[in-house]
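Participant: One structure, pasted below without further comment.
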Amino acid sequence: MNEVNLNMEENQIEPDTLQEEVQTVEESEIAPENLPSELDMALAKQEEYLNLAQRVQADFENYKKRNVSIRKDAYDDGKKDFAQGILPILDNFERAIQSADDEQDPLLIGIKMVYRQILDLLEKNNIETISRQGEVFDPELEEAVSQGNPEDGEPGTVCEVLQKGYKMNKFVLRHSMVKVVPQ
């Protein structure tokens, strides 16, 4: 306690020195008649800084939202690229399964297991096959590569799928290659 009191005693200002400091502050102060205009200017500056801070904060919030959107789009693009790269491998698995003679062949059983795992992986990532055999041809989903016979079905319908198509959500990864009954 004594130490604190000593420091306070050392820092005391002499009355004459205090009077001189008050006079210099009073001399440098704004004249009373200018106080309202100075106050208005200070309030205007405060409002300007507040508006600037609010704009910066809004810009930052927009930046964060934009960044989330860009990140999601990049992630989806990566998934699309991966899926498009795996589709030819899936086609080869299907060909291998179709060409097998013996259903009990251990190699065929293994191929079917791997094929099923790939299909499950695609399904988990919202990637599904476009299989529309017997339905009306849709150029948004299918690519007509040949014509079928009139007895193959109704005119304008898909009578055979030559290569499966795939889509992820609403994006078509690969159009189905189909045979269409002529109109």
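The values are calculated or read from the model by the stated rules, or taken from the named source; none is laboratory data. Since this is a predicted model, take the numbers as computed values, not measurements. Don't worry about glycine lacking a Cβ; one is built from the backbone with ideal geometry, like all the others, and counts go over all protein chains shown. What goes into the accessible areas is simple: the full protein's heavy atoms, side chains included, and nothing from ligands, DNA or RNA. Shrake-Rupley method; radii C 1.70, N 1.55, O 1.52, S 1.80 Å.
Participant: Treat each spin label as a single point 7 Å out from the Cα along the C-beta direction, and report the residue 118 to residue 151 distance in nm.
Facilitator: 3.6
Participant: Continuing with the same structure: Pop the C-beta distance of residue 164 and residue 68 into the FRET formula with R0 = 25 Å and round what comes out to the nearest 0.05.
Facilitator: 0.15
Participant: From zero outward in steps of 5 Å, how is the percent of C-alpha pairs of region 52-183 spread across the bins?
Facilitator: Distribution as computed: 2, 10, 14, 14, 13, 13, 11, 7, 5, 4, 3, 2, 2, 1, 0, 0 percent.
Participant: Using the heavy atoms of the protein chains and a 1.4 angstrom probe, tell me the accessible area per residue for region 70-183 in square angstrom.
Facilitator: 66
Participant: In addition: If I model a spin label as a point 7 Å beyond the Cα along the Cα-Cβ vector, how far apart are those points for residue 102 and residue 171 in nm?
Facilitator: 4.4
Participant: I'd like the accessible area for residue 177, computed on protein heavy atoms only with a 1.4 Å probe and all protein chains in place. Round to 10 Å², please.
Facilitator: Counting only protein heavy atoms, residue 177 exposes about 70 Å² to solvent.
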